[in-house]
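The values are calculated or read from the model by the stated rules, or taken from the named source; none is laboratory data. Everything quoted here is computed from the prediction, not taken from an experiment. Here the Cβ positions follow ideal geometry from the backbone for every residue, glycine too, while neighbour counts run over all protein chains shown.
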Amino acid sequence: MSGFERETFSEPGLGLIAVTTMKTSKAVIFDMDGVLADTEPIYMGITRDLFAHFGVTLPSEQLFAYVGIPASRMWSEIRSRFELRQPLSELIRLEKDRQLRDLTDRKQIPEIPGVRQLLGELTWMGTPMAVASSSSPEIVELILSKLAIRHLFAEAVSGRDVAQGKPAPDIFLKAAAALGVEPQNCIVIEDSPPGLAGAKRAGMVCIGFANPNSGKQDLTGADLILNDFSPESRLKVKGLVSDSSFS
């Protein structure tokens with residue numbers, strides 16, 4: 001006997017999973033867009049269409065700089081810079097409505113290759129997991145449900161659930177509190193500088209995920225940078241979860 005029992009369940013896309021009745025002392029907090037779901041190209045297309053509608057022209061590198069931050073901050077800056085007359089609340093609503101409509105109409109949400117396997121392996125290890133996303137709660141629940149992975153997360157925190165979005169640490173601290181895990185025992189996986197900064201400000205270990213579809217993001221300062229979720233990369237994540245040298 002190994003000293004603990006395992007429960008087994010079948011999960012579509014994940015196969016048969018054995019879940020330990022013990023929990024690891026470390027938790028993993030995932031960003032959603034660009035880490036779990038490859039949705040940044042979808043959002044970029046919607047944002048570009050809205051910019052064109054309002055006569056806003058922005059180079060790609062400047063547009064990608066808004067990856068990972070709350071929509072309120074992006075539209076506040078765009079509204080001021082280009083002297084848009086529409087109320088900030090209307091601009092945010094227009095973008096969210098188009099995102100929801102687009103994502104709802106899709107039969108499938110594109111997922112990041114290998115991340116489903118990572119979730120299954122962390123579940124097997126008994127690792128508490130949460131999502132911390134700048135997206136609205138409606139979009140968070142929609143994407144996680146369409147990917148059929150919502151049940152793997154004990155908590156899903158959205159940008160609307162905290163007073164200050166990324167790069168403030170609030171969203172990560174709220175996720176850690178919900179998991180009942182101290183911040184220093186949390187590992188965050190992020191694909192953007194605001195998310196990375198927020199995780200580090202929360203006192204957490206941060207893995208930078210270099211997703212080319214999220215643009216060329218500066219992940220300097222991450223404790224580890226991954227280019228994919230291949231078996232080798234997943235082994236590195238699990239190594240951090242099992243590592244007792246940080247706490």
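Miscellaneous remarks
- Segment 183-207, residues that are in contact (Cβ under 8 Å) with a residue 40 or more places away in the chain and outside any strand (DSSP E or B): GLN184, ASN185, ASP191, SER192, PRO193, PRO194, GLY195, ALA199, MET204
- Given (1) outside the structural domain of ALA154 (by TED's automatic domain parsing); (2) in contact with a Ser or Thr (Cβ under 7 Å, 6 or more places away or on another chain); (3) modelled with pLDDT of 95 or more, number of the condition VAL67 does not satisfy: (3)
- Residue check, ASP191 at pLDDT 95 or above, of a type in the set (Asp, Glu) and over 14 Å from the mean Cα position of the chain (by Cα): no
- Looking only at segment 208-223, and only at residues there that are in contact with an Asp or Glu (Cβ under 7 Å, 6 or more places away or on another chain) and part of a helix (DSSP H, G or I), the one that is surrounded by the fewest Cβ atoms within 10 Å (Cβ to Cβ): ASN213
- Subset of segment 125-164 that is of a type in the set (Ser, Thr, Tyr) and at pLDDT below 95 - its residue that is farthest from the chain's Cα centre (by Cα): SER136
- Residue in segment 173-190 that is polar (S, T, N, Q) and buried (at least 20 other Cβ atoms within 10 Å of the Cβ) present: no
- Residue list for segment 148-168, restricted to those being of a type in the set (A, V, I, L, M, F, W, C) and either outside any loop (DSSP other than H, G, I, E, B) or surrounded by fewer than 20 Cβ atoms within 10 Å (Cβ to Cβ) (or both): ALA148, LEU152, ALA154, ALA156, VAL157, ALA163, ALA168
- Residues of segment 31-45 satisfying the condition of being modelled with pLDDT of 95 or more and small (Gly, Ala, Ser): GLY34, ALA37
- Selected residue (only one of SER145, SER135 is among the small types (Gly, Ala, Ser) and in a helix (DSSP H, G or I)): SER145
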